[in-house]
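The values are calculated or read from the model by the stated rules, or taken from the named source; none is laboratory data. None of these values were measured; they are calculated from a predicted model. Cβ coordinates were reconstructed from backbone atoms using ideal geometry, including for glycine residues, and neighbour counts include every protein chain displayed.
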Amino acid sequence: MVGSVNGGWNSLAKLVDNGYDNVLVAINGQIPENLEIIDRLKEAFVVASDYLHRATRRRAFFRKVDFLIPTTWQDRPEYEAVTVETFSRADYRVEEANPVWGDNPYTVQYGECGTPGKYVHLTPWFVLDPDNIVQYYWGDPGRVLVHEWGHQRYGLFDEYGQPDEDYPDYYIDSSGKLRPTGCMEKPKGWNLNRYTYKKCKKDKKTGLFEKDCYFFPNLYTNKIPASVMFLQYIHSVDKYCDDSMHNREAPNKHNAICQGQSTWSVILQHPDWVDNEPADVPSTIPSFRLLYPRYRKIVLVLDVSGSMSLKSRIIKLQQAVYTFIMDEISLGIDVGCVTFSDKANIISWLMPINSDEDREEFLALVMPTLNTGGNTAIGSALIAGVQVLSQNDTQPADGGILFLVTDGQENVPQFIEEVIDNVIESGVIVDTLAWGLFAEEKLETIASGTKGSSYYYSEQAQSNAHVEAFMEVASSSSSDSENDVPALLTSFGLELPNEETFTDSFYIDESIGANTHVIVTWAKDVNRNPLVVTVTSPAGGLIDESSSEYIYDKKLGRVSIKLPGIAEIGLWKYTISNPTPAPHDLKLQITSRSRDGSGAITMTSWTSSEQVDFPSFQYIYAEIKKGQFPVGGLSNVIAHVDRPLTEPLEVILRDNGAGVDVNKYDGIYSGSFVGFARDGRYSVKVSIKTDGNTTNAQIRSGSGAKTINDTKAERDFQKMFKLESGLERTSTSKVFKVSDYDISDNTDYFPPIRISDLRVVEVSYENQTVTLTWTAPGGDLDHGTADGYDLRYSDSYDELFDDFEQATPVQDSDIIEGHLLSDPKSAGATQGIENYYIHRAENATLLHPVASEVFYDVSDVRDSLLVTGLQRN
């Protein structure tokens, strides 16, 4: 199955008439200014464009490549102003080295076969090549860019062996021959010990080479043209591997994840190839633009119609706007405001926010106007917002952000359909917040049409999504990297009964502590019934109403506590007391920033699709990282899904390399969601809270170009991220919409998730037994328990792959020790068969030591282990 292929991770790149336009390269703001980085990358993209044209059989090349210059670099006259380009949308990023990958180029991948990656990571050292050795290790950098484009754009995986991920460098094929793992069946080269360069020795028992054996291909005598995802540096290789050349027996990651499909077969399923035929082009040399975020401006477009008076919405909006301006928006950004009901009203033209006094001046203009009444004229509000961004046509509007917040459906002109073309043509980005069940259905259409983001506040008691949406807009508008983004420790809502106290805690870990804010708001009887908040440090220091850090805003119903200096590492406790005779609907948000400027541990989350047409399902992902260091292998990563008119649901996310999760210990946690309740908007956020004991985050996998000689370009997957204190993070909420929900016929719509981590952990040639392990799937994807397993074996690889039903089934009676196939464990548990007896009488002549190794090899068995019985649980 090829996964979702919506053009890349929020990518702006698009294929038009065989050429990719708007390919974005972003430079991290922490990289010192060096214009040679741009010059070297231009040279690499010239080579890459010609190579891509050949590799795709004349179907694609890089026509237009844009460079996003960070604000930490000097602005220059030749730079153009940024429009919709942002750091988070870059296809390629130039950033500091990853502690695990070093200077190796790699792509952050998270999804199944065919799912585009997040971005390609390049380091300044790799780009600049100060030691003149990059070609010695990786070949031409332009070829490396195309290899990574296969990961990033097309969702391909590496075809070479990766022993650190249990994909061996060598395997024995179905004819009994020992081969290097790859697309090519018979590449020419030498099998040498990677450290001594002596000829590799074979293990007499297994027939395989010694541990440190490495295949050194002959760069010039190989004539096979594939594959870019195997050894891109061989001179003859200029194609993605097609079915005529593909070696599906090779136990590599691409075969495992893409179920034996060739890389070219997967590429041809990408939407880029709709109405795109091979073509000769006059030139494959790209054109380049240098872009600078010269104008950073946001206009708040706020609904003040009559329905905003319901459920304390206008009070909550006032609180969110106040926090956005006073605590979240960065200095140096211009902010304006439009309100709308029967018509749009420009409250504030763009005002530069360069000081706390500017923040207060802006709020003094806006807050008194947030009063409710009238209808909902969304189209008029959008046009007014564009007018503010352009300051009445005195400056370009493109690249500015409109943040549209509304709870209602448009019911007076101008309507969205009347203005949407003009809004898109203006080049602005529209982020939208749908407030409540009845917010306008077209909001997500506006956001996607302008490359904006969509948010949803369900108004359920535990949700704080409206405040989180404002925070996300503030962060995305001001960042040159992911290192300067604040960490959201916790964010939630709570119904606090009268005369009761809520007590909880939060961790300040070693990565954070600067500008730590604890903000509590409440919306009922804000003038008469205040809440009382206290915060206690790990050392016992108390912050309460008498402290200078404690700010109580009676009019807004808000308590803000800013922890002094750099907050102490450890467990902080807080209490929220309601001394009044009435219950309170309160909201809590705690944020902190990097304690030393090197970057906080942050969590981001996303879903596989913004639209789910039932009975399709949804994947949920979350990434935890500190700078470039992935924080992997943790437990207690939980997705919280708000469902329309239904109780919320929790989903466990795992970083175990099984089921939904394609890379073990890469810091990206994955899970599936099938708990649909009805049509409508669903809101997702993810949280983690560990205990206070030392946490060792494990690091392991990724996707990157193979080196010619990796003795000086090795990936260090033995690194651990050690955290002495607890870790607590929450991601901002994301929205997706469900349509066509129907379970009236009681159909079991969701099968078990595919098993992808079957492993042979022991082979006994003397007893003719093997020991297998895998991660149990669920009855519905990775939820619940499957009904049973169908495990088969054969002396023919082709039979297992092409005619599974003809292969010999394993019965419960064949299992000497372990869990029975008829009695699976629950989803996520490790399943095992110990000493499964394979020496059956009718197959005795077909099984021998070498063959048994082959037919229980990872690549063979992982695709022949199927889960049957789709009992809904």
Residue 348 vs. criteria in the same structural domain as residue 400 (by TED's automatic domain parsing), surrounded by 23 or more Cβ atoms within 10 Å (Cβ to Cβ) and of a type in the set (Gly, Ala, Ser): no
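State which residue is nearest to residue 223 (Cα to Cα) when the search covers only the range 172-193 and only residues that are assigned to a strand (DSSP E or B) and either basic (Lys, Arg) or at pLDDT below 90 (or both).
179
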Test for residue 196: is it over 17 Å from residue 161 (Cβ atoms) and in a loop (DSSP other than H, G, I, E, B): yes
Residues being in a strand (DSSP E or B) and polar (S, T, N, Q) - total across the range 755-792: 6
Residues that are surrounded by fewer than 17 Cβ atoms within 10 Å (Cβ to Cβ) and farther than 12 Å from residue 533 by Cα, drawn from the range 550-561: 553, 554, 555
Enumeration of residues in the range 84-110 that are more than 18 Å from residue 138 (Cβ to Cβ) and either free of Cβ contacts under 8 Å to residues at least 40 places away in the same chain or outside any loop (DSSP other than H, G, I, E, B) (or both): 87, 88, 89, 108
Qualifying position, being aliphatic (A, V, I, L, M) and more than 30 Å from residue 679 (Cβ to Cβ), among 833, 753: 833
Residue match in the range 793-801 (condition: surrounded by 23 or more Cβ atoms within 10 Å (Cβ to Cβ) and either within 30 Å of residue 676 (Cα to Cα) or touching a residue at least 60 places away in the same chain (Cβ under 8 Å) (or both)): yes
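Hey, among 376, 372, which residue is modelled with pLDDT of 95 or more, in a loop (DSSP other than H, G, I, E, B), of a type in the set (Ser, Thr, Tyr) and crowded, with 22+ Cβ neighbours inside 10 Å?
376
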Any hit, the range 218-226, residues being within 34 Å of the chain's Cα centre (by Cα) and of a type in the set (Ser, Thr, Tyr): no
Top-ranked residue of the range 257-285 - restricted to ones that are touching a residue at least 40 places away in the same chain (Cβ under 8 Å) and over 29 Å from the mean Cα position of the chain (by Cα), ranked as surrounded by the fewest Cβ atoms within 10 Å (Cβ to Cβ): 280
Within the range 802-825, tally of residues that are assigned to a strand (DSSP E or B), touching a Ser or Thr at 6+ places or on another chain (Cβ under 9 Å) and surrounded by 15 or more Cβ atoms within 10 Å (Cβ to Cβ): 2
Considering residues of the range 356-369 that are over 23 Å from residue 428 (Cβ atoms) and either under 34 Å from the mean Cα position of the chain (by Cα) or of a type in the set (Asp, Glu) (or both) only, the residue surrounded by the most Cβ atoms within 10 Å (Cβ to Cβ): 359
Scan of the range 571-628 for residues that are more than 18 Å from the chain's Cα centre (by Cα), under 26 Å from residue 739 (Cα atoms) and not in a strand (DSSP E or B), ordered by number: 614, 615, 616
Residue 795 being part of a loop (DSSP other than H, G, I, E, B) and either of a type in the set (Lys, Arg) or farther than 19 Å from residue 656 by Cα (or both): yes
Residue 564 vs. criteria crowded, with 16+ Cβ neighbours inside 10 Å and more than 26 Å from residue 581 (Cα to Cα): no
Candidate set from the range 283-333 (those that are of a type outside the set (A, V, I, L, M) and part of a strand (DSSP E or B)); member that is nearest to residue 389 (Cα to Cα): 297
Residue tally, condition assigned to a helix (DSSP H, G or I) and either surrounded by fewer than 18 Cβ atoms within 10 Å (Cβ to Cβ) or touching a strand residue (DSSP E or B) at 6+ places or on another chain (Cβ under 9 Å) (or both), over the range 403-433: 7
Answer from 557, 513 - the residue that is at pLDDT below 95, on the phi > 0 side of the Ramachandran plot and of a type outside the set (D, E, K, R): 557
Inter-residue pairs, beta-carbon under 9 Å, first assigned by TED's automatic domain parsing to the domain that holds residue 686 and acidic (Asp, Glu) and in the range 635-646, second buried (at least 23 other Cβ atoms within 10 Å of the Cβ) and assigned to a loop (DSSP other than H, G, I, E, B), 6+ apart: 642/458; 642/733
Residue among 76, 40 that alone is over 26 Å from the mean Cα position of the chain (by Cα), over 21 Å from residue 142 (Cα atoms) and modelled with pLDDT of 95 or more: 76
Where residue 197 falls short, out of the listed (1) at negative phi; (2) over 37 Å from the mean Cα position of the chain (by Cα); (3) of a type in the set (Ser, Thr, Tyr): (1)
Total residues in the range 130-157, condition outside any helix (DSSP H, G or I) and either among the aromatic types (Phe, Trp, Tyr) or at pLDDT 95 or above (or both): 6
